[in-house]
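Worksheet for the structure shown next.
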Amino acid sequence: MIRSMTGFAAQSGAYESWSWSWELRAVNGKGLDLRLRVPDWIEGLEVALRKQLTAATARGNITCNLRISRGESDGALQVNTAQVDALLTALHDIEARAMDAGVSLAPSRASDLLTMRGVLEQAEEAQDTDGLRAALLAEFPSLLADFNAMRESEGAALSQVLQDQLAEVETLSAQAAALAEARKDEMAATLQRNLARVLDNSEGADADRVAQELALIAVKADVTEEIDRLAAHVAAARDLIGQGGPVGRKLDFLMQEFNREANTLCSKAQSTELTTVGLALKAVIDQMREQVQNVE
């Protein structure tokens, strides 16, 4: 099954006091472009995620966002001794300057110091980044599976659209073949009349040479090869779609070949009906090429 390059998935999870949310999204791209926005303080996380993404995807501009937050800690309160020392020094200086100025200050109490900002603080717990990383990496495959499931679902819809367009190319090619066959006798008669007219009005001309030139013109007006190649391209495209996997590049190249044959058919048409069919082929092929741009 083919996959679309566009996709989205989101999940959330938790580990101890940590909680997080994932977002994985992708849009079309010529190659594989991975952009990971994950916390750099979790050692080894980005490398491991990039490895999983590279193994599971082939093309597309893929962005992975991870937001992590931590709940309130239940750790014990502790005194910030550096802050207390700074406050005591400041109080000593203030009391000394007050005494010099003859101002009497009320005695300071320990409870007053405790209300000062920065004196009491939550005891920091050691961060278990190993456990957190393991929990994140254990959850990521589920997110990746949801992401690729969406891409496969869109790929199934793409496959149906492409199959319908290939069937239309087949129908138009058959119409072109019928028109080309129908005009064979008329073209032969026209060439014979032209040959007789040239020979009647070109004294001394080499009749064999003139016949060769007219035969060359007839060959150049023959669209049989273009119709045969279109049929071969249709078969090749169906094989690629049936094969599945990352075949977008091959399909894109094949679209160029489709377009080349349609252009040549139009240039050889020499009739309004065949030109109309050729233009319809070009329109369908252009629509098909737009769809192929979404295939991984």
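No value in this document is a laboratory result; all are computed from the given coordinates. Here the structure is a predicted model, which means the values were calculated and not measured. Cβ atoms come from the backbone with ideal geometry, glycine included; neighbour counts cover every protein chain shown.
Give a residue-ordered list of calculated ³J(HN,Hα) values for region 93-106 (Karplus: 6.51 cos²θ - 1.76 cosθ + 1.60, θ = phi - 60°; whole Hz; x for Gly, Pro).
Calculated HN-Hα couplings, in order: 5, 5, 5, 5, 5, 5, 5, 4, 8, x, 9, 9, 10, 5 Hz.
For region 1-79, compute the orientation-averaged projected area of the C-alpha convex hull (one quarter of its surface), in nm².
6.9
About its Cα centre, what dipole magnitude does region 77-122 give when the only charges are +1 on Lys and Arg Cβ and -1 on Asp and Glu Cβ, stated in debye to the nearest 20?
Roughly 100 debye, rounded to the nearest 20.
For the pair residue 138 and residue 276, what calculated FRET efficiency results from E = 1/(1 + (r/R0)^6), where r is the Cβ-Cβ distance and R0 = 51 Å, to the nearest 0.05?
0.25
Got a sec? Charge dipole of region 77-122, +1 on Cβ for Lys and Arg, -1 for Asp and Glu; which of 83, 114, 101 is way out at the positive end?
114
Cβ neighbours within 10 Å, averaged per peptide: list 34-46, 2-14 in order, most packed at the top.
In decreasing order of mean packing, 34-46, 2-14 become 2-14, 34-46.
Could you tell me which of rounded, prolate or oblate describes region 77-122, using a ≥ b ≥ c as the square roots of the eigenvalues of the alpha-carbon gyration tensor, with rounded for a/c under 1.5 and, failing that, prolate when a/b is larger than b/c and oblate otherwise?
prolate
How do 224, 115 rank when sorted from fewest to most other Cβ atoms within 10 Å of their own Cβ?
Exposure proxy ranking, most exposed first: 115, 224.
Suppose a student asked you for the relative contact order of region 77-122, using Cα pairs under 8 Å spaced at least 6 residues apart; what percent would you report?
70
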